[in-house]
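Q: Before I ask anything, here is the structure I am working with.
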């Protein structure tokens, strides 16, 4: 369902953030600690996800149709 409404590119970029969400939920629900490597990796992942998302949005809005 989601794939039909958003497209494969958008869904694949969103899937990249699942490990970051799992770390945050483990911290909030289970009381796990977040290491500095996890924090750094999460920041890099979210930054990359943001860059990909804005790049794909720019590519789709700039194309003449």
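Q: Of the residues 46, 11, which single one is assigned to a helix (DSSP H, G or I), surrounded by 12 or more Cβ atoms within 10 Å (Cβ to Cβ), under 10 Å from the mean Cα position of the chain (by Cα) and free of Cβ contacts under 8 Å to residues at least 24 places away in the same chain?
A: Only one candidate qualifies: 11.
Q: Can you tell me which residue within segment 15-39, out of those that are within 23 Å of residue 54 (Cα to Cα) and out of contact with any helix residue (DSSP H, G or I) (no Cβ under 8 Å at 6 or more places or on another chain), is modelled with the lowest pLDDT?
A: The selected residue is 15.
The values are calculated or read from the model by the stated rules, or taken from the named source; none is laboratory data. These numbers were taken from a predicted model, which means no experiment stands behind them. All Cβ positions, glycine included, derive from the backbone under ideal geometry; neighbour counts span all protein chains shown.
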